[in-house]
Amino acid sequence: MTELRHRGTTDNELQHQQSDDKGSESESKAERDGASDSETKPDFGVPDVPVPPDDTPEVLNKALSGLSSRWKNWWVRGILTLAMISFFFVIIYLGPMVLMMIVLCVQIKCFQEIITIGYSVYHSYHLPWFRTLSWYFLLCVNYFFYGETVTDYFFSLVQREEPLRILSKYHRFISFTLYLSGFCMFVLSLVKKHYRLQFYMFGWTHVTLLIIVTQSHLIIHNLFEGMIWFIVPISCVICNDIMAYMFGFFFGRTPLIKLSPKKTWEGFIGGFFATIVFGILLSYVMAGVRYFVCPVEFNNDTNRFTVDCEPSELFQLQDYTLPSVLESLTGWTTVKLYPFQIHSIALSSFASLIGPFGGFFASGFKRAFKIKDFANTIPGHGGIMDRFDCQYLMATFVNVYIASFIRGPNPSKVIQQLLALRLDQQLHIFNSLKAHLTEKGLLPALEEAA
C-alpha cells in the first residue's frame, strides 16, 4: 500500500509538472506569437520591391515601336550611352572642381537608390527614423571625408583662414561627435518588437556608406593625383561594359555566370582585349597633355586651383626595346611609349577581369530582393548604381595602385607642414637637417658652389 500510495503521489507530481511545462510552453508560444511579424517575416522571405514604371522617352518608343524588344532595348541603350559619354566629355572640359561635384551628386543618388530599396522592402513595418538617420549618417561621413581631403590638399588655405584652421584642428573630434549623436538617436529610436529589423537597417545603412561614400572619397583622391588617373580607369570600365555587351549581343553563346544570365564568355573575352587596346591608345593621347597629367593643386597667389606642372618621367616618351617575337613581326627594334601606357595595361586588365565582379555582386544583390534594376533613372540602363557598380571597385584598385607603385614623398606638402610648426620647432628641424647634410658631405659642396 505504501508503494501504491507513493507511486500515486509520484504520478500526480509528474502530471502536475507536465501541466506546468505545458502551461509555460503555451505562454512561451503566446509570447512568440504575440511578437511582431517583423521578427519572423524576413527569415521566411523577402517582400517584393515595387517595380518602377518604364520611363523610356515617348519619342524613342514611337521611333522604335516596329522593332522587337531585344533590338529596341539595344537601340535605347546605345542612344543613351552616347548621350552619357557626351555629358562625360562636357564635365571633363569644365574642370576638376565640376568633376568633384558630379562625383558627390552620383554618390548621393546611389545612396538614395540603395536606401530606397531597403525602405521599400521593410516599409510595412513603419520603422521609426530609419530614413532620417540614414541621411544623417551620410552627412556625417561626408563631413569627415571631405574635411580630411580639404586639410590634406589645401593645407596652406586652411592655415591662412582662422575659422578653417580651427575646424581643421578639431575636425576628427567634431566628426566623431556628430556620428555619436546619430548613434544615440538610433538607440533612443529602438522600439519593442522591432529590434531585429531596426538593427538590420542599421547594418544596411552602414554597409551602404562603406561601399558608396568610401569609394567616392577614393575617386576624388585619384582625381587630385591628376585627371588622367580619374579619366582612364573610368573610361576603361565604360569601354569594357560597352564592348562586352556588343560582343555578347552579336557573338554570345556560352553563359558566363548564373548571377547574370545575359553575360557570356564571348562578351567577357572580347571586352578584355578591346579594353586593353583602348586603354593603351587613350593613355597615349592623354599622357602628352599637361592638363590631364598634372596634379590638381591650390595656388596661394591666385587663390585658384591650378593644373600646371612639369610632367614627371611617367608622362615623358621613352624608348623601349621590343621582345624578339614582336621585333620579328613588326621589324621594329625599339618603340617610343609613355611609361604610363605600361601602367594602363594593369588598369585595363583590372577593369575587364575583376571590375565585372562588381556588377556580379550587384546582380546578386538585386536577385536577393527580386528587382531588375536599382532604379529607373536612365531608360535601358536602370539606375545610377547600375552604371557605377563596377566603378567603385575600380576606384579602390586605382587608389591602392597609386599608393603602392606611383606616389612618392611630396616635398611641397612637407614644407607646408613645416611652416605650420612653431618657430623653435622649425629651427630645431633646420639644425637637424643641416647636420645631416653636413655629415653626408652635401652642404659644404653647396656652400663652395654658392
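For beta carbons closer than 8 Å, sequence separation of 6+ or different chains, a first residue in segment 246-275 that is assigned to a strand (DSSP E or B) and a second that is polar (S, T, N, Q), the qualifying pairs are Pro255/Thr264; Leu256/Thr264; Ser260/Ser363; Thr264/Thr254. Quick one: what pairs do we get from segment 178-204, first residue under 19 Å from Tyr143 (Cβ atoms) and hydrophobic (A, V, I, L, M, F, W, C), second open to solvent by less than 70 Å² (accessible area, probe 1.4 Å) and in a helix (DSSP H, G or I), C-beta under 7 Å, 6+ apart or different chains? From residues that are under 19 Å from Tyr143 (Cβ atoms) and hydrophobic (A, V, I, L, M, F, W, C), the pairs are Leu178/Cys140; Met185/Leu133; Phe186/Leu133; Phe186/Phe202. If you filter segment 90-123 down to residues that are open to solvent by less than 40 Å² (accessible area, probe 1.4 Å) and in contact with a strand residue (DSSP E or B) (Cβ under 8 Å, 6 or more places away or on another chain), you find that the one that is farthest from Tyr136 (Cα to Cα) is Gly95.
Hey, among the residues in segment 365-416 that are of a type in the set (Lys, Arg), out of contact with any Phe, Trp or Tyr (no Cβ under 8 Å at 6 or more places or on another chain) and assigned to a helix (DSSP H, G or I), which one's farthest from Ser349 (Cα to Cα)? If we take residues in segment 365-416 being of a type in the set (Lys, Arg), out of contact with any Phe, Trp or Tyr (no Cβ under 8 Å at 6 or more places or on another chain) and assigned to a helix (DSSP H, G or I), then Arg367 is farthest from Ser349 (Cα to Cα). Selection of first residues in segment 299-315 that are closer than 23 Å to Leu94 by Cβ and part of a loop (DSSP other than H, G, I, E, B) and of second residues that are of a type outside the set (Gly, Ala, Ser) and open to solvent by 60 Å² or more (accessible area, probe 1.4 Å), restricted to Cβ pairs under 7 Å at least 6 apart or on distinct chains, gives the following pairs, ordered by first then second residue: Val307/Tyr291; Asp308/Arg290; Cys309/Arg290; Pro311/Arg290.
Inspect all residues belonging to segment 280-293 and state whether any of them is surrounded by 19 or more Cβ atoms within 10 Å (Cβ to Cβ), touching a residue at least 24 places away in the same chain (Cβ under 8 Å), under 30 Å from Val158 (Cβ atoms) and not small (Gly, Ala, Ser). Checking segment 280-293: at least one residue is surrounded by 19 or more Cβ atoms within 10 Å (Cβ to Cβ), touching a residue at least 24 places away in the same chain (Cβ under 8 Å), under 30 Å from Val158 (Cβ atoms) and not small (Gly, Ala, Ser). When the residues of segment 179-196 are filtered to those that are closer than 24 Å to Lys109 by Cα and not small (Gly, Ala, Ser), which remaining residue is surrounded by the fewest Cβ atoms within 10 Å (Cβ to Cβ)? Across segment 179-196, the extreme among qualifying residues is Phe183.
Does Phe365 meet the test of being under 24 Å from Ala83 (Cα atoms) and modelled with pLDDT of 85 or more? In short, no. Checked against (1) surrounded by fewer than 16 Cβ atoms within 10 Å (Cβ to Cβ); (2) under 30 Å from Glu113 (Cβ atoms); (3) not basic (Lys, Arg), Ser363 passes all but condition (1).
Taken over segment 221-235, the criterion of being more than 12 Å from Met394 (Cα to Cα) and open to solvent by 10 Å² or more (accessible area, probe 1.4 Å) is satisfied by His221, Glu225.
In segment 216-238, what count of residues is obtained for those that are part of a helix (DSSP H, G or I) and within 17 Å of Leu314 (Cβ to Cβ)?
Result for segment 216-238: 9.
Looking at this structure, is Ile378 modelled with pLDDT of 85 or more, closer than 27 Å to Lys109 by Cα, β-branched (Val, Ile, Thr) and in contact with a helix residue (DSSP H, G or I) (Cβ under 7 Å, 6 or more places away or on another chain)? Here the answer is no, as Ile378 does not meet what is asked.
This table checks each residue for (1) in contact with a helix residue (DSSP H, G or I) (Cβ under 7 Å, 6 or more places away or on another chain); (2) at pLDDT below 85.
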residue	(1), (2)
Met101	no, no
Lys109	yes, no
Thr116	no, no
His126	no, yes
Phe144	yes, no
Arg160	no, yes
Arg165	yes, no
Phe186	yes, no
Leu190	yes, no
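Only residues that are surrounded by 11 or more Cβ atoms within 10 Å (Cβ to Cβ) and either assigned to a helix (DSSP H, G or I) or more than 44 Å from the chain's Cα centre (by Cα) (or both) were counted in segment 420-440, giving 12. Would you call Phe268 open to solvent by 50 Å² or more (accessible area, probe 1.4 Å) and not small (Gly, Ala, Ser)? It is false that Phe268 is open to solvent by 50 Å² or more (accessible area, probe 1.4 Å) and not small (Gly, Ala, Ser).
The values are calculated or read from the model by the stated rules, or taken from the named source; none is laboratory data. Only a predicted model underlies this, so the values are computations on that prediction, with no experimental measurement involved. Positions of Cβ are backbone-derived with ideal geometry, glycine not excepted, and every protein chain shown enters the neighbour counts. We work out accessible area using only protein heavy atoms, side chains counted, and drop any ligands, DNA or RNA first. Shrake-Rupley method; radii C 1.70, N 1.55, O 1.52, S 1.80 Å.
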